[in-house]
Amino acid sequence: MERILNDNEKIRKAEEIYYRRNNQNISMNSKQVEKKRGSFKDKIWFNLVIMFDIAIIIFCIQNKDFIFTTEFLGTIEKYNSELSSKVVDFLSGILNEKSEENNMNILNNDNKANIEDNSITNNEIDSNQPNDQSIQENNIGQNTSEIIIDNSSSMSEMDMDIENLKAAYSFVKPINGIVSSGFGARESEYQNVKGYHTGVDIAAEKGTIIKASMQGIVELVSSEGDYGNHVKIRCNNIITLYAHCSKIYVEEGQIVAQNQDIATVGSTGNSTGPHLHFEIRVEDRFVDPARIINL
């Protein structure tokens with residue numbers, strides 16, 4: 001049988017039901033308020049992103065004359081090239097350190113093996129002829145001769161420049177022709193030809209199109225000096241030079257793509273006939289183009 005509640009118990013139970021319902025309504029209202037606050041924050045962030053995008057678009061429109069100039073594009077290209085060059089130098093440095101460490105380990109192992117072999121030989125000689133000092137001195141001489149390290153394979157500065165250029169940059173032949181004069185010391189019957197050649201001469205017919213061997217910015221267009229009509233193109237600290245041209249198609253400050261037409265073969269300046277004098281420089285150092293490009 002169910003117990004019959006008195007009046008006080010009925011009032012208390014009714015109050016509990018009332019408070020329970022009110023608490024549920026309050027919790028539901030608080031959740032709805034929090035949800036509204038979250039959606040309001042999302043709307044604020046969305047509006048801020050839209051305003052930021054609009055500001056960028058307005059800035060680009062107002063500064064389009066600067067953004068699309070050759071100077072700005074050249075700066076971007078220079079930054080990208082410097083970054084790639086630093087990454088290549090960093091990786092090549094790590095590889096060189098590992099190769100040197102491996103070579104040293106191999107050399108140390110060989111030296112240890114030689115010393116152990118010679119010590120065994122010395123012990124055998126001592127046991128058989130303990131008083132023969134001449135044989136012991138000969139063995140010591142053999143030890144020292146076998147441990148000598150050959151440093152003749154060390155790379156020169158030009159060798160290092162050439163290895164770095166091959167690893168970090170791409171070059172193409174500026175023209176098809178015959179190499180009439182190579183890089184370095186040379187002898188000539190002409191008095192106006194210098195004894196040391198800072199590039200290579202590629203003989204070709206006058207008017208032959210000259211291509212840009214690598215991309216870059218045209219640093220100089222000039223007709224002065226022994227080079228005659230010549231063009232300098234810079235890419236980071238690398239310069240390619242094209243001399244004795246008859247016509248030049250590019251201007252200073254212009255961005256040039258690799259394999260782009262830049263000039264034609266001529267015989268201007270200090271020249272004995274139509275040809276292209278082609279140079280590659282790393283900063284102020286000349287390197288042999290024939291060791292980088294298959295001319």
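Bear in mind that the values in this text are calculations on the coordinates, not laboratory data. Worth saying up front: this structure is predicted, and the values here are computed from it rather than measured. Here Cβ is always computed from backbone atoms with ideal geometry, including for glycine, and neighbour counts include all displayed protein chains.
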TODO: Just subtract the alpha-carbon distance of Val87 and Thr198 from 0.36 nm times their residue separation and send over the number in nm, one decimal.
DONE: 37.0 nm
- [ ] Taking amide H positions as placed in the peptide plane 1.01 Å from N, state which residues far from Gln254 in sequence (5 or more) or on other chains have amide H under 5 Å from it.
- [x] Val218
TODO: Could you tell me whether the stretch 172-291 comes out rounded, prolate or oblate from its Cα gyration tensor? Rule is a ≥ b ≥ c as square roots of the eigenvalues, rounded for a/c under 1.5, then prolate if a/b exceeds b/c, otherwise oblate.
DONE: prolate
- [ ] With label points built 7 Å along Cα→Cβ from the Cα atoms of Glu15 and Asp226, find their separation and express it in nm.
- [x] 11.3
Task: In nm, spacing of pseudo-spin labels at Ser170 and Thr272 (7 Å Cα→C-beta vector) - done: 3.7
